[in-house]
Amino acid sequence: MEQLHQRFIKSAKQHSNRMAVIDKATDKDYTYGRMLIASLILKEQLAGIPGKYIGMLLPTSMGAMLGVIGALFNGKIPVMINYATGAIENCKYARNKCNFKTIITSKKLLDKLGLEPIDHMIFVEDILLKVTALSKLKAALMSKLPYSVLKKLVHSGPLNEVSVILFTSGSEKEPKAVQLSHRNILQNVDAVPKLVTLDHNDVYMSILPMFHVFGLTTQFWLPALMGATMVTYPNPLEYKTVSDLVREYKATFMAATPSFYYGYLQKSKPGDFSTMRLAMSGADKLPDKIFEGFMKKHNIPVYEGYGATETSPVISVNYPGNHKMGSIGRVIPGVQVRIVDVNTDKILSPNQEGKILVKGDNVMEGYLGDLEETSLRIRNGWYETGDIGMIDEDGYLWHKGRLKRFVKVGGEMVSLVRVEEVLSKLLPENIICCVVDVPHPTKGADVVAAVTTGNFDQHAVLKQLKKELPAIAIPKLFEVIEDIPMMASGKVNFREVEKICRDKSSKGE
């Protein structure tokens with residue numbers, strides 16, 4: 001079986017005249033034939049870089065895609081670095097964790113972030129200046145070779161060889177270096193089209209960062225290996241622009257987080273999403289008001305799925321013909337899920353809540369340099385997600401919250417996710433909320449709700465909450481945080497929100 005980059009060569013040769021990438025970062029378009037030539041040029045340029053790993057600090061663009069392919073062509077492993085928050089600190093953290101020096105980045109990106117380069121950074125702009133007419137000709141001639149010959153001229157290895165290093169979001173604790181193999185990502189790439197009709201005629205909105213597994217798998221490898229068109233735009237937070245691009249390029253597939261969909265709902269015009277066949281949501285719980293908003297404004301459902309960086313990412317998904325509101329969908333082909341008791345690990349029956357365990361070719365090879373954490377999370381091939389959920393009698397998986405997002409209040413367990421769900425329904429739709437806990441001297445913890453504005457009837461909301469939640473779960477305080485800290489992936493940064501609320505609490509604000 002072929003590795004990811006070998007599969008890319010096959011796809012590029014098969015669809016050589018088809019549009020591969022409409023790159024809005026550079027306003028250049030690339031056919032698959034041209035993309036293959038560019039990746040072979042980059043292979044030559046990266047060949048002399050020492051070491052096993054190469055850092056990638058690049059926005060979602062053709063440059064980032066070529067960087068990943070060029071590294072794999074040489075048998076090197078791309079380390080995808082988060083540039084959205086603390087880029088330089090993340091570069092140093094990644095270097096320390098993976099023991100490498102070279103980082104490929106872009107002058108344009110550093111300028112935009114207002115950052116000075118650090119040692120051993122190589123700029124895409126400088127790489128392009130070094131490309132000679134001879135190397136272009138050589139790559140163009142190579143690209144014409146039969147696939148059987150060309151695949152032997154690039155690195156080849158087993159499917160369990162690591163294809164990328166990604167870092168966990170760090171929304172709850174220090175990021176871990178996740179090793180995803182070719183087999184891991186190919187499991188997702190091959191499974192998703194079995195559920196939904198996707199092929200080379202689709203147009204993908206590639207807007208999520210490639211340092212996030214959701215972006216890397218569903219908006220790069222999935223379309224690239226089937227010869228579909230990708231419209232890349234480096235900033236998913238520019239909601240109006242993204243909505244305009246969906247309309248302009250008649251996009252048919254999109255994957256995003258609930259907070260991004262919320263932005264597109266606010267800034268889009270009716271008709272912007274008229275060509276969208278499949279809109280997938282992941283990384284966080286999809287609020288009903290976003291689903292209902294898209295149905296009302298655009299007459300398209302947003303299908304909620306579930307996954308993790310460690311599972312490449314998709315574990316389960318709702319899709320046309322198999323959709324149950326509120327659930328996180330059916331488990332994808334080739335993957336097993338079991339629900340076990342939190343304390344005893346006994347396998348539970350349908351409709352019983354417990355820890356979600358996952359097994360399949362999508363489960364990571366492990367955390368780099370952290371055998372202890374790997375062995376804690378993967379036992380007998382089963383990956384412990386750290387999530388609580390259940391499987392209903394129809395085979396749909398339901399997410400009930402993070403094990404870490406349960407808090408003990410007065411000796412009772414409270415699901416902060418459940419409080420968020422109820423509160424979100426009661427608040428006006430323009431208010432984002434997030435629920436955390438702060439220490440209490442006698443009860444252990446208090447539940448606190450962070451909201452983006454205090455302009456709502458708190459008394460009426462609390463009155464309604466009392467009807468739907470037990471007394472210990474009702475927020476004791478509403479803290480106004482106008483800009484709730486978010487991860488680059490679109491997830492709420494619970495560590496930061498919790499810190500802000502705890503600081504305010506300790507100061508008696």
Quiz item: Being at pLDDT below 85 and surrounded by 14 or more Cβ atoms within 10 Å (Cβ to Cβ), is that true of even one residue in the range 456-464?
Solution: no
Exercise. Inspect the range 315-334 for any residue being farther than 22 Å from Ala279 by Cα and outside the structural domain of Cys98 (by TED's automatic domain parsing) and give the result as yes or no.
Key: yes
Quiz item: Of all the residues that make up the range 328-348, how many are in a loop (DSSP other than H, G, I, E, B), within 24 Å of Thr252 (Cβ to Cβ) and not hydrophobic (A, V, I, L, M, F, W, C)?
Solution: 2
Exercise. Name the strands (runs of 3 or more DSSP E) wholly inside the range 209-325 in which the number of residues that are small (Gly, Ala, Ser) and modelled with pLDDT of 95 or more is 1 or more.
Key: 253-256, 278-281, 302-307, 314-317
Quiz prompt | Residue that is nearest to Leu180 (Cα to Cα), among those in the range 351-402 that are crowded, with 19+ Cβ neighbours inside 10 Å and of a type in the set (Gly, Ala, Ser) | solution = Gly366
Practice problem: For the range 83-134, name all the residues that are part of a strand (DSSP E or B) and under 23 Å from Ser169 (Cβ atoms). | Solution: Ile103, Ile104, Thr105
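Conditions (1) more than 15 Å from Ser61 (Cβ to Cβ); (2) crowded, with 24+ Cβ neighbours inside 10 Å, marked per residue:
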residue	(1), (2)
Ile185	yes, yes
Asp199	yes, no
Met210	no, yes
Thr218	yes, yes
Practice problem: State all residues of the range 70-109 that are of a type in the set (Ser, Thr, Tyr) and over 29 Å from Gln6 (Cβ atoms); if no residue qualifies, say none. | Solution: Thr85, Tyr93
Quiz item: Can you tell me which of Val149, Val178, Val164 is among the β-branched types (Val, Ile, Thr), exposed (fewer than 14 other Cβ atoms within 10 Å of the Cβ), at pLDDT 95 or above and not in a loop (DSSP other than H, G, I, E, B)?
Solution: Val149
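Please tell me if Ile69 is at pLDDT 95 or above, touching a helix residue (DSSP H, G or I) at 6+ places or on another chain (Cβ under 8 Å) and not in a helix (DSSP H, G or I).
Criteria not met by Ile69.
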Quiz item: When the range 82-125 is examined, which residues are found to be touching a Lys or Arg at 6+ places or on another chain (Cβ under 9 Å) and exposed (fewer than 13 other Cβ atoms within 10 Å of the Cβ)?
Solution: Asn99, Asp119, Glu125
Quiz item: Given the structure, is Leu128 without any contact (Cβ under 8 Å) to a residue 24 or more places away in the chain, aliphatic (A, V, I, L, M) and surrounded by fewer than 14 Cβ atoms within 10 Å (Cβ to Cβ)?
Solution: yes
Quiz item: Taking the range 187-204 as the region of interest, how many residues are of a type in the set (A, V, I, L, M), outside any loop (DSSP other than H, G, I, E, B) and in contact with a Ser or Thr (Cβ under 9 Å, 6 or more places away or on another chain)?
Solution: 3
Quiz item: From the list Lys507, Lys476, Lys499, which residue is among the charged types (D, E, K, R) and modelled with pLDDT under 80?
Solution: Lys507
Quiz item: Is it the case that the range 211-226 has a residue that's among the hydroxyl-bearing types (Ser, Thr, Tyr) and out of contact with any Phe, Trp or Tyr (no Cβ under 7 Å at 6 or more places or on another chain)?
Solution: yes
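A quick yes/no check of all residues on (1) within 24 Å of the chain's Cα centre (by Cα); (2) under 28 Å from Gly263 (Cβ atoms):
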residue	(1), (2)
Val314	yes, yes
His323	yes, yes
Ser327	yes, yes
Val335	yes, no
Val340	no, no
Ile356	yes, no
Gly366	yes, no
Quiz item: Any residue at all in the range 41-53 that is in a loop (DSSP other than H, G, I, E, B), assigned by TED's automatic domain parsing to the domain that holds Lys136, within 22 Å of the chain's Cα centre (by Cα) and under 26 Å from Ala133 (Cβ atoms)?
Solution: no
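The values are calculated or read from the model by the stated rules, or taken from the named source; none is laboratory data. Every value quoted in this text rests on a predicted model; they were computed, and no experiment measured them. As a convention, Cβ positions derive from the backbone with ideal geometry for all residues, glycine included, and neighbour counts pool all protein chains shown.
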